[in-house]
Amino acid sequence: MAEKHVYKFGVDENGNNVTEVAGASVDEAKWITGGKGANLAEMANIGLPVPPGFSITCQTCVAYSGAGNVWPEGVLDEIDEYRKDLEKRMGKKLGDKDDPLLVSVRSGAPFSMPGMMDTVLNLGLNDDSVQGIIKQTNNERFAWDSYRRFVQMFSNVVMGIDGDLFEEAINAKKEEKGVKLDTELTAEDLKDLTETFKQIFAKNVDSTAHPEVAPEGIASFPQDPYLQLRLAEQAVFGSWNTERAVLYRKQNKIPDDLGTAVNVQVMVFGNKGDTSATGVAFTRNPADGTNERYGDFLVNAQGEDVVAGIRNTEPIADLVKIPALKEAGEELYHVFEILEDHYADMMDLEFTIEQGKLWMLQTRVGKRTALSALRVAIQMVEEGRITKEQAIMRVAPDQLDQLLHPQFDPKAEVDVVAKGMNASPGAAVGAVVFSSDAAVHYSNIEKPCILVRWETTPDDLKGMVAAEGILTSHGGKTSHAAVIARGMGAPCVCGAEALKIDAKAKECVISGTDIVLHEGDIISINGTTGDVIIGEVPLVRPELTGDLETILSWADDVRRDASRGRIFGVRANADNPEDAHISRDFGADGIGLDRTEHMFLGERKEIIQSFILADRTGDKQKALGKLLKAQTDDFLGMFKEMDGKTVIVRLLDPPLHEFLDNPREYAVELAHAEDRGENDTQIKARRDLLARLDSFQEANPMLGLRGCRLGIVYPELTEMQVRAIASAAAHLKKRGFDPRPEIMVPLVGTWQELKVVRDQVEEVVASVVEQTGVELSIPVGCMIEIPRAAVTADEIAKYADFFSFGTNDLTQMGFGYSRDDVESAFIPLYLKKKILKTNPFETLDSGIAKLVKMGVEGGHASNDTIICGVCGETGGDPESIQMYYDLGLDYVSCSPYRVPIARLAGAQAKIKSNGGPAKL
Ligand code: PEP
Ligand code: MG
């Protein structure tokens with residue numbers, strides 16, 4: 001069958017539902033007709049009042065863009081048929097002078113990208129059809145208002161004419177008439193404005209822009225509604241690739257090759273007087289999850305008025321309080337219930353009431369904060385709508401980061417100078433900036449900032465990404481700022497009306513006070529309460545309590561349930577008792593990596609320096625003695641903190657010179673000493689030291705004397721570390737603790753290396769057992785982080801109780817990318833050019849995954865009981881966690897603050913790989 005490019009939805013001229021669905025479920029259909037199109041079809045099918053229309057598929061967009069903005073063969077005819085069919089279903093024609101059909105043309109990708117792509121409303125109006133609207137509605141003001149809006153939107157969105165030109169013309173008109181609000185302009189004023197807008201169009205249009213449809217050029221506002229339609233459809237397809245849409249997709253990890261659908265839908269009007277209204281709503285509170293109707297509406301307005309924040313909206317709960325809207329309002333509340341029953345999720349929706357009749361324009365699964373995601377998921381389980389496993393799948397692991405992020409210290413005293421709406425929770429402190437460019441600049445110089453705007457627009461996205469938090473003086477909880485901030489997990493306070501912002505002057509007066517904020521002044525905002533505070537409020541990390549704890553405990557039950565796939569652990573990378581404590585609080589099953597070199601920082605550096613540089617055996621022994629004492633204390637702290645849980649201690653790994661002073665800097669010091677006239681003996685000692693420092697320099701330190709090579713060259717270091725580990729364990733065991741250390745050998749490339757170190761480890765442990773009389777069993781394993789180790793894992797596994805994949809080094813050596821340099825040098829460019837899909841140091845690369853696979857398979861081939869895990873950075877990345885589960889690993893280990901994210905992601909990976917969530 002030939003590919004279908006267009007699907008219709010809604011009823012026909014007899015009121016029969018004629019919806020064509022693009023897939024067996026909304027989830028399937030959304031890949032074809034986009035989220036909006038698929039859900040419009042779904043709503044029509046469950047009997048909700050949806051204005052009829054049709055969707056042109058996302059695949060058509062991909063083909064159109066891929067061919068350099070050329071329509072695939074035959075598609076224009078297909079669209080034309082559907083357009084004629086729509087005219088037949090409605091008994092009206094576009095552009096008709098007596099009773100014209102008007103349509104909206106909207107984008108709608110498989111994933112929601114709010115405000116990022118184009119929309120054109122009131123299409124079909126021209127000098128004739130505006131008369132038809134007047135005849136039909138008897139409302140001249142409405143007709144001219146619709147026409148001027150259409151000219152304005154079409155000019156800006158479709159033809160790229162600067163939107164400010166139209167705003168300026170409106171303001172000039174209002175000034176001329178001495179009025180403040182758009183709504184105070186008369187029919188005659190709006191008719192005049194329409195004329196002015198058409199002149200602006202003629203003056204500013206690039207008449208040669210569309211030779212494919214108008215070879216003779218477009219010099220004046222197009223009167224042909226079919227030309228209007230075609231240009232609008234093309235504009236929507238084109239908006240898939242605008243800079244802001246591309247950036248939004250990158251931020252939200254939405255693939256670039258999905259395309260958007262175009263939805264052409266019959267217009268309904270919320271601006272036909274006081275029996276009409278329009279609004280956006282959520283079936284529950286998307287900020288905190290409370291089970292209440294949430295949203296805003298405006299009487300006598302069109303959709304964009306609500307989100308643009310031009311007029312202050314009213315809460316959805318008040319809709320039924322307006323007598324003329326009561327009935328439609330009650331019907332809307334009932335629709336909330338129908339939608340929740342049908343989708344078993346919290347939905348967001350757009351509606352219009354046209355002269356008392358309710359119309360549903362859109363619904364989709366509502367975007368929500370982490371707080372709300374948890375609350376709603378738990379409520380839905382309690383209400384018997386979904387299973388616990390479905391609830392686990394409903395929370396995006398990365399979103400939890402929001403909850404693990406700072407809040408105001410409850411002990412801090414704060415002086416609230418302004419209050420807005422609590423649009424996106426969490427707290428932020430930073431310098432005030434008034435433009436997105438300034439926010440990007442502050443972020444580049446690593447200074448946290450708060451973006452302060454009257455309202456944000458889609459063009460502010462880059463500033464919103466760069467800022468720690470967002471503060472606006474206008475707009476409601478469904479304004480652009482609020483929706484985007486919630487999606488990003490950035491704290492946001494919106495509609496703080498006391499702020500009088502003059503962005504050009506980079507100044508903001510807080511009315512009712514004598515405070516004037518300038519760019520760079522520090523403020524704090526609390527998106528959980530809506531508070532704005534001058535100066536820096538101390539921030540604290542929240543604890544895992546309440547809903548988060550509940551979902552994570554459900555996730556743990558899944559991870560640990562051996563009857564549904566393998567037990568999948570989550571450990572932490574921690575190298576001091578404080579971090580170990582946080583890891584334990586955050587629910588880590590153990591420590592997967594204790595990098596002991598981190599224990600040699602600060603004052604310890606001198607001791608290890610004196611060991612490395614000492615040329616007399618006695619000095620070396622003295623240094624080792626001090627190190628032994630210090631390390632034993634370290635391990636006592638770690639094992640006590642993690643009592644009863646595994647702690648994998650890794651023997652020293654980094655190149656030795658990392659502990660030493662830089663010879664170049666030391667040479668300068670020597671020159672100063674010579675200038676100061678130090679005596680010959682002192683200078684000679686300094687020269688000797690410089691020569692020794694020089695001798696530790698390596699051309700490629702990352703490939704030099706590091707890892708197990710270090711312990712083989714300096715076995716006394718291995719002995720010291722192992723003795724410290726074993727002694728600390730023996731000491732604690734004697735006191736009734738349950739220490740569970742394991743010893744990990746880094747940077748193993750051959751089985752011979754591991755055997756040499758293992759033999760030594762076993763010897764030292766045996767001697768501690770003998771000395772202390774305490775029985776110790778300390779497993780010994782190794783990192784798999786050199787490609788050769790992955791390839792020969794079967795040989796190495798004979799000497800290893802466990803493997804831990806070090807994907808930082810494995811990626812470095814697998815790709816030949818220096819992990820310390822390339823992330824700033826060229827990875828951003830590679831991502832932009834799509835040479836790389838993701839940064840391989842953040843998300844496990846498919847090629848490196850093959851090495852891990854070889855390692856796991858080789859390990860299991862020669863050692864039935866080997867435990868395999870990962871401790872590179874990718875161990876905390878949800879996408880990689882799915883790959884690790886599928887590769888057969890037993891656990892992931894990540895930084896303490898990512899442990900809750902990994903607990904959830906681990907459960908999700910297991911659920912996905914075992915046939916999806918259990919259903920009711
Ligand atoms: C690794 O290489 O992935 C690893 C965990 O070790 P490090 O980062 O300490 O080299
Ligand atoms: Mg490593």
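The values are calculated or read from the model by the stated rules, or taken from the named source; none is laboratory data. Predicted model only: the values in this text are computed from it and were never measured. With ideal geometry, Cβ positions are generated from the backbone for all residues, glycine too; neighbour counts draw on all protein chains shown. With ligands, DNA and RNA removed, areas are computed over all heavy atoms of the protein, side chains included. Shrake-Rupley method; radii C 1.70, N 1.55, O 1.52, S 1.80 Å.
Annotations for the structure displayed:
- Packing rank of 822-830, 638-646, where each peptide gets the mean count of other beta carbons within 10 Å, highest leading: 638-646, 822-830
- Cβ-based net charge around residue 562, under 14 Å, with every Lys or Arg adding one and every Asp or Glu removing one: +1
- Among the trypsin sites (Lys or Arg not before Pro) in the stretch 834-872, those placed in a DSSP loop whose Cβ has at most 14 other Cβ atoms within 10 Å are 834, 837.
- Quotient of the Cα radius of gyration of the stretch 127-223 and 2.2 N^0.38 Å, N being its number of residues: 1.13.
- Relative contact order (percent, whole number), the stretch 268-368, Cα cutoff 8 Å, 6+ residue spacing: 33
- Packing order of peptides 779-785, 326-332, 614-620, 705-711, highest average first: 779-785, 705-711, 326-332, 614-620 (average count of other Cβ atoms within 10 Å over each peptide's residues).
- Per-bin percent of Cα-Cα distances, the chain [20 Å]: 12, 38, 31, 15, 4, 0
- Stokes-Einstein diffusion coefficient of the stretch 398-463, Kirkwood radius over Cα pairs, 20 °C, 1.002 mPa s, in µm²/s: 155
- Here the peptides 119-132, 413-426 are ranked by packing, the mean other Cβ count within 10 Å, and the order with the highest first is 119-132, 413-426.
- Shape metrics for the stretch 575-621, restricted to C-alpha atoms - Rg then Dmax, Å: 15.6, 47
- In percent, rounded to a whole number, the relative contact order of the chain is 8, using alpha-carbon pairs under 8 Å and six or more apart.
- Under the convention that each Lys and Arg Cβ holds +1 and each Asp and Glu Cβ holds -1, the size of the dipole of the stretch 268-368 around its Cα centre is about 160 debye.
- Rounded if a/c under 1.5, otherwise prolate or oblate - the stretch 181-289, Cα gyration tensor axes: oblate
- Partners for residue 177 among lysines (Cα-Cα distance below 24 Å; same-chain residues under 8 apart left out): 191, 198, 272
- Remark: the stretch 826-920 is approximated by an ellipsoid whose semi-axes, taken from the C-alpha gyration tensor as √(5λ), come to 23, 19, 14 Å, largest first.
- Distant-in-sequence amide contacts of residue 783, defined by a placed amide H-H separation under 5 Å and a gap of 5 or more residues or a different chain, comprise 745, 747, 748, 804.
- The residue among 623, 335, 26 whose Cα reaches farthest toward the positive pole of the charge dipole of the chain, with charges on the beta-carbon of Lys, Arg, Asp and Glu, is 623.
- Accessible area per residue for the chain is 42 Å², calculated with a 1.4 Å probe on protein heavy atoms, without ligands, DNA or RNA.
- Look at the alpha carbon pairs under 8 Å that are at least 6 residues apart: their mean separation over the length of the stretch 127-223 gives a relative contact order of 27 percent.
- Relative to the longest principal axis of the Cα atoms of the chain, the long axis of helix 75-90 makes an angle of roughly 50 degrees.
- Here the chain has 49 percent of its accessible surface on carbon and sulfur atoms, given a 1.4 Å probe and all protein chains in place.
- Considering all different alpha carbon pairs of the stretch 405-540, the Kirkwood hydrodynamic radius works out to 14.0 Å.
- Measuring between alpha carbons in the structure, the pairs from 8/462; 4/36; 36/84; 419/462; 30/919 lying more than 28 angstrom apart are 8/462.
- For the chain, the longest principal axis of the Cα atoms and the long axis of helix 26-45 meet at an angle of about 40 degrees.
- Global form of the stretch 268-368, assessed from the alpha-carbon gyration tensor, a/c cut-off 1.5: prolate
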